Amino acid sequence: MPHDLPLITTIAAALSLATVLAFLAHRLRLPLIAGYLTAGIVIGPFTPGFVADPEIAQELAEIGVILLMFGTGLQFHPRDLLAVKHIAIPGALAGISAAALAGGGLALAMGWGMGAAVIYGLALSVASTVVLMRAMQDRDMVKTERGRIAMGWLVVEDLITVMALVLIPPLSGLLGGRGDQSLPFSELANVLGWTLVKLAAFVALMLVVGRRLIPSALHYTALTGQRELFRLSVLAIALGVAYGASAFFGVSFALGAFFAGMIMSGSTLSAQAMKDVLPLRDAFAVLFFVSVGMLANPAVLWLHPLPVLATIAIILSVKTTVAFLLTRALGQDRPTAATIAAALAQIGEFSFILIAMGTGLGILPSEARDYVVAGALVSIILNPFLFDLLDRRLGRA
């Protein structure tokens, strides 16, 4: 359906419908996220009637991810993540391995190739940062020990996924897609080495240069006494660092924005910065969930129910079980382990990127995207219910 003003039309339709359906979800005692996702389905390309611009919706969703991760970083300090590395690193590695093996096994059972199994398994192993942080913020857990462990876990998952996204294109031929199947090992080593160098360079730049430059820029604009200029500088830092991290270092928008916020948290003005970015963050976070709903094809639920149910089972059971058992084995109490398990029982933005890349390179069949999106949609809707159940159990305890 053609629009003269696709950006304004998409924002207006998404926010208006999300408001109405979220209110209805609240009256039915459902999570607000269910209303946002339903709004995306209604204005998506797989349902009749008005269709919003999917490309614009995806870009708006990226802004939501950037602002949410920036706000999350404002509540962290580098030492908070270093304090939980003994849990986050082995936990993320074990969780990704277990979910990837289960997802890969499902792909092989459906008759797909080994390369498709690898990518499909990875897509089911990476939790959504937006969903996790939304749940943590709703329960004031961001600054708790559980919040720090969950965030550290997700940072490790993001780093692993970034390296996978860099390696998949040159390996596409070996994985069964379009590409050279005789790629030399030296070229693969160069790609991996260069990726690690860029990641290390970005982290070092933020910790050494950004640690001095970002708080100073914030204080300089605050001295002008212009509230508008201060708010503008906060947004410029969040979006600028996120874009620079992606364009120059190959780091995701989300990870770049998180580091920008974490560095800014060292400033005495971080609380004011958080207050200024909060309204925009919440509005664009809604657009993220609407954009997820737009990807969903409801017909897949009755056309291919078994693959969808198997995908959902892996997301909800394998990841949570490994997270719970490993967190307990590493010395954490039962409530902390249960919280981490519930937080990771969903997938999101990185999963979509992996699947889109796999199908674009001819490694995965087209139906893989429908299965992953359906799994993400169901797991995101169920995630608040898991937390509510956890809250009641912990309350009784």
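Values quoted throughout were computed directly from the atomic coordinates according to the rules given, and no laboratory measurement underlies them. Bear in mind the structure is a predicted one, so any value in this text is a computation, not a measurement. All Cβ positions, glycine included, derive from the backbone under ideal geometry; neighbour counts span all protein chains shown.
Summing Cβ point charges (Lys, Arg +1; Asp, Glu -1) relative to the Cα centre of the stretch 80-153 gives a dipole of roughly 80 debye. Is there a pair in K198/K275; K85/K319; K143/K198; K275/K319 whose C-alpha atoms are over 26 Å apart, and which pairs would that be? The pairs that break the limit, which is 26 Å between Cα atoms, are K198/K275; K143/K198; K275/K319.
Per DSSP H run of at least 4 residues, take -39500 (n - 2.57); add these up for the chain, divide by its residues and hand me the 222 nm value, nearest 500 deg cm²/dmol.
Numbers: 19 runs with 298 residues, N = 397.
Mean residue ellipticity at 222 nm (helix-derived): -25000 deg cm²/dmol.
When you restrict to C-alpha pairs under 8 Å that are six or more residues apart and normalise by the size of the stretch 227-376, the relative contact order lands at 20 percent. When the Gaussian network model of the chain links Cα atoms closer than 10 Å, the mean-square fluctuations of P31, P48, P384 top out at P48. As a rough footprinting exposure proxy, the listed residues E62, E55, E349 were ranked by other beta carbons within 10 Å of their own, and the order from fewest upward is E55, E62, E349. Does the stretch 73-218 come out rounded, prolate or oblate by the C-alpha gyration tensor, with a ≥ b ≥ c the root eigenvalues, rounded set by a/c under 1.5 and, if not, prolate when a/b is larger than b/c and oblate if not? Since a/c reaches 1.5 but b/c is at least a/b, the shape of the stretch 73-218 is classed as oblate. Within the listed set V130, V373, V191, the residue fluctuating most in the Gaussian network model of the chain (springs between alpha-carbon atoms under 10 angstrom) is V191.
Recomputing semi-axes √(5λ) of the Cα gyration tensor in Å from the coordinates shown identifies the correct label among (i) 30, 26, 24; (ii) 44, 29, 17; (iii) 38, 23, 18 as (i). The value of relative contact order for the stretch 302-397, using C-alpha pairs under 8 Å at least six residues apart, is 34 percent. A dipole drawn for the stretch 314-397 from +1 and -1 charges on Cβ atoms has a positive end, and of A356, I380, S317 the residue lying farthest that way is S317. For the stretch 119-134, the residues whose backbone nitrogen is under 20 Å from a point 7 Å from the Cα of A329, taken along Cα to Cβ, are 125-127. Considering only alpha-carbon pairs that sit under 8 angstrom and 6 or more positions apart, the relative contact order computed for the stretch 1-83 is 25 percent. In a fully extended conformation the segment linking L232 and S16 would gain 75.1 nm over its present Cα-Cα distance, using 0.36 nm per residue.
Magnitude of the charge dipole for the chain, about its Cα centre and with charges confined to Cβ atoms of Lys, Arg (+1) and Asp, Glu (-1), is about 1180 debye.
Rounded, prolate or oblate for the stretch 278-321? Axes are the square roots of the Cα gyration tensor eigenvalues, ordered a ≥ b ≥ c, and the cut-off for rounded is a/c under 1.5. Don't skip to the end; give the middle numbers.
On the way: a/c = 6.65, a/b = 1.62, b/c = 4.10.
It comes out oblate by the Cα gyration axes.
Using only side-chain charges placed at the Cβ, +1 for Lys and Arg and -1 for Asp and Glu, the dipole size of the stretch 312-395 relative to its Cα centre rounds to 280 debye. Cβ crowding within 10 Å, taken as a proxy for footprinting-reagent exposure, orders M151, M274, M264 from fewest neighbours to most as M274, M264, M151. According to the square roots a ≥ b ≥ c of the eigenvalues of the Cα gyration tensor, what is the shape class of the stretch 50-157, taking rounded for a/c under 1.5, prolate for a/b larger than b/c otherwise, and oblate for the remainder? Oblate. Neighbour counts of C-beta atoms inside 10 Å place T72, T336 in the sequence T336, T72, starting with the fewest. Centroid-to-centroid, using Cα positions, the stretch 1-80 and the stretch 321-397 are 20 Å apart.
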